[in-house]
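Some notes on the structure that comes next.
Values quoted throughout were computed directly from the atomic coordinates according to the rules given, and no laboratory measurement underlies them. Small disclaimer: the values here were computed from a predicted structure and weren't measured. Counting neighbours? That spans all protein chains shown, and the Cβs are built from the backbone with ideal geometry, glycine included.
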Amino acid sequence: MTSPSALHTPGWRTWTVWIVGVAAYVVAITNRTSLSSVGVDAAIRFDADASALSMFAVIQLAVYGSLQVPVGLILDRLGARPVIAAGMVLMATGQLVMAFADAVGIGILARVLIGAGDAAVFPSVLRVIATWFPAQRSPLLVQLTGIIGQLGQIVAVVPLAALLHATSWSVAFGSLAGLTVLFAVLTFAVIRNRPPERRDDPLDTAVDTDTGAVRIVRSAADLREGFRESWSHPATRLGFWSHFTTPFAGTAFVLLWGYPFLTAGEGLRPAAASGLMTLLVLAGIVFGPILGALSSRHPTRRSRWLVLPTVVFQAVAWLAVIVWPGAAPVWLLVILVIALASGGPASMIAFDHARAFNPTHRLSTATGIVNGGGFLAALIAILMIGVSMDLQGAGTPETYSLDAFRIAFLTQVPLWIIGSWGIIRERSRTIRHVGGPGNLPW
């Protein structure tokens, strides 16, 4: 079997396959965050209270997270081409259902389809990287894929919201469905499972969803044993708690509650709110390479110097906005979105723990465990914010208030406390496990 590292310098066809895959990932992120700036419109259309509106995002994320292992197994059997195309078709179907849905149950069904389709895209693009490019290029391409993909959030915040307000709900989401169908066709037409020189390679390999590393998966028993072994190592649990604690506040803000808070709570105009949401995405793109470089240069200080300070930055910024008398000034809201933007890149450090301490044959399992921490915290945060709004009698757009939002966002504090405690505890256990700081594998 030809090793990826043995491939020649990538040619135009290789780059074309990757570019199409990355473009599909941008569309997937747009689908994922399509409610981010139209949450108030969704609440009105579906006559939904805050708890019901939260379920749109909670169930979508739950489906996404639960399908990561099944998607990996399907990729093992079929390769990236049919899986990514099928994912685009599922998302397009979900957006088409969303375009004409007028009941909460139908809307949730639409988000289930969107979450299922979204789950197939990123692992497929990473498999393309692993099979089409030399191994030494994979880390950079994985980072570029993640950074470029976040541009899909800007599409959801600005053009999609503008189209909805200029036309109608059905036109906006129907148009997104049409765009996604086009990319289903494009991905199936352009992407191939592997380059011609690797045509004889077997398909029964799995791709680590963070690193692109390739491994063999032979049975469900392998998965169960790999999970047990991965979770038993404190470094995997350190990664889990790091990913649990750092990104959830930004995810809850971007995916559902940020735009209603800025407009209905803080009283910003829609254009100003969209600008802040866009700034969050752009700041995350800037933070990515900075935190990545610091993580590489100071591996023994990742938790103390990078992860925990990022958590404190987010918590302090949120608490400052919450306790500010009256509406917060724009400069403070800018600090808030910059703080939230740091959470996503900081969460990538969690995967460094998994990579450093887990052997290649269980990297994918350890990565899945770590990734699950972020999804779990985001689900809890989104749901608790919605339930808190309802309990205060402020669960509909007509009753949204700044004071209600402040109390609702305080429900994030226990997650930061629990997660920080987990980071500190598992960091100490990891050091003891390897026999002291001098034995850390870096």
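Quick rundown of the values:
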read-out: Spatial separation of Cα centroids for the range 169-199 and the range 258-277, in angstrom; value: 32 Å
read-out: Lys, Arg +1 and Asp, Glu -1 on Cβ, resulting dipole of the chain about Cα centre, debye, nearest 20; value: 1360 debye
read-out: Percent RCO, i.e. relative contact order, over the range 13-198, from Cα pairs under 8 Å lying at least 6 residues apart; value: 39 percent
read-out: Nearest-0.05 FRET efficiency for Arg269 and Val312, computed from C-beta distance (R0 22 Å); value: 0.10
read-out: Stretchable slack from Arg192 to Leu410, in nm (0.36 nm times residue separation minus alpha-carbon distance); value: 73.7 nm
read-out: Shape of the chain, Cα gyration tensor, a/c cut at 1.5; value: oblate
read-out: Computed FRET value (nearest 0.05) for Arg13 with Val158, which takes r as the C-beta separation and R₀ as 30 Å; value: 0.35
read-out: Rounded if a/c under 1.5, otherwise prolate or oblate - the range 13-198, Cα gyration tensor axes; value: prolate
read-out: Contact order relative to length of the range 217-442, as percent, for alpha carbon pairs under 8 angstrom and 6 or more apart; value: 39 percent
read-out: Two-site FRET efficiency, Gln392 against Ile285, from Cβ-Cβ distance with R₀ of 35 Å, rounded to 0.05; value: 0.50
read-out: Mean separation of Cα contacts under 8 Å (6+ apart) over length of the chain, as relative contact order %; value: 24 percent
read-out: Burial ranking of peptide ranges 342-354, 238-250, 408-420, 33-45 (average Cβ count within 10 Å, highest at the top); value: 238-250, 342-354, 33-45, 408-420
read-out: Candidates Val286, Val63, Val71: whichever shows maximal mean-square fluctuation once the chain is modelled as a Gaussian network with Cα springs under 10 Å; value: Val286
read-out: Gyration tensor (alpha-carbon) shape descriptor, the range 217-442, a/c threshold 1.5; value: prolate
